[in-house]
Amino acid sequence: LFRATPLVYGGFQARGPIRAVATGLRHSHSNMGSELHLQPTPQIGFAIARRLAQDGAHVVISSRKQENVEQAVATLRGEGLRVTGTVCHMGKAEDRDRLVATVLESCGGVDILVCAPAVNPLVGGVLKSSEQVWDKILTVNVKSPALLLSQLLPYMENRGSGLHSLVPSSSLFICFSLSLLGLTKTLAVELAPKNIRVNCLVPGYIKTDFSQVTFSDIWKQCMECRGRKGKPEDCAGLVSFLCSSDASYINGMNIVVAGFSPSM
């Protein structure tokens, strides 16, 4: 979401300052005054937070663990970036309420929401998963991004435009990631009249702590196809583009970042 004053955003003309929320984070080049709210996952979320902050956004990051928040805030502030952090478990309503309150207190509103949930308590067959596992992945990876957006929507509407990006990243985890692809299409149609765009970034095999556990046997195949492993920064650059005015006519898209993966 962009403010009304014209600013240069990552080399593109945008309206700012910008305020964004991104979920799923672990652990200068433009002169924009922006505010971005991010919630960390393993490394992809952190890379997105860093890139948008480098592009001038004020980033609010969150994670389930206080130590992750403190480390991420210290790292980004050490790079001279504007960052605020708070603890938030996306599956808990009271934590989402606290995240929204922190965003409003720090920035007064929100312009961009980036959800990068990545909980996967089981690596194995779908039919071997317990009901508890099904419920946990559904709550954190699918329900929570939609519920958080519903809480922030009134403040995004006040901005007059906005962007909501979903970043899905075991077989059961992929089942729910596909749900996010459908959610992207539905929300894009529903929110288009409000001038809010919704897109989904679909990472291939990106080198993170999460993917090394779930996709360790596929790294060799990826290397043979592309010559290198995907990096979190490969995703961050695309999100930065989607936040720019150059992407103002891109809506409801599921964009694959895989460097050519046979399974994509």
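The numbers here are math on the coordinates, done by the rules we state, and not lab data. Remember, it's a predicted structure, so these values are computed and weren't measured experimentally. Here Cβ is always computed from backbone atoms with ideal geometry, including for glycine, and neighbour counts include all displayed protein chains.
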Quiz item: Mind listing the phi-derived Karplus ³J(HN,Hα) values for the range 179-185, rounded to whole Hz, using 6.51, -1.76 and 1.60 with θ = phi - 60°, and x for any glycine or proline?
Solution: 5, 5, 5, x, 4, 4, 4
Quiz item: Rounded to the nearest 0.05, what FRET efficiency is calculated for Ser179 and Thr75 with R0 set to 25 Å and r the Cβ-Cβ distance?
Solution: 0.20
Quiz prompt | In Hz, Karplus ³J(HN,Hα) per residue of the range 91-101 (6.51, -1.76, 1.60; θ = phi - 60°; x = Gly, Pro) | solution = x, 10, 4, 5, 6, 5, 4, 5, 4, 4, 4
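Sort the following peptides by mean Cβ neighbour count (other Cβ atoms within 10 Å, averaged over residues), highest first: 92-101, 141-150, 67-76. If you can, show how the numbers build up before the last one.
On the way: 92-101: 15.8, 141-150: 20.5, 67-76: 17.4.
The most tightly packed comes first, giving 141-150, 67-76, 92-101.
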Quiz item: Using θ = phi - 60° and the Karplus curve 6.51 cos²θ - 1.76 cosθ + 1.60, what whole-Hz ³J(HN,Hα) does each residue of the range 43-54 get, with Gly and Pro shown as x?
Solution: 6, 5, x, 5, 5, 5, 4, 4, 5, 5, 5, 4
Quiz item: Quick one: which of 228-236, 57-65 comes out on top by average Cβ neighbours within 10 Å, and what's the full order, highest first?
Solution: 57-65, 228-236
Quiz prompt | Of Lys136/Lys185; Lys65/Lys194; Lys92/Lys194; Lys143/Lys194, pairs whose Cα-Cα distance is over 26 Å | solution = Lys65/Lys194; Lys92/Lys194
Quiz item: Straight-line reach from Lys207: which aspartates and glutamates have a Cα under 18 Å away, not including same-chain ones fewer than 8 places off?
Solution: Asp217, Glu224, Glu233, Asp234
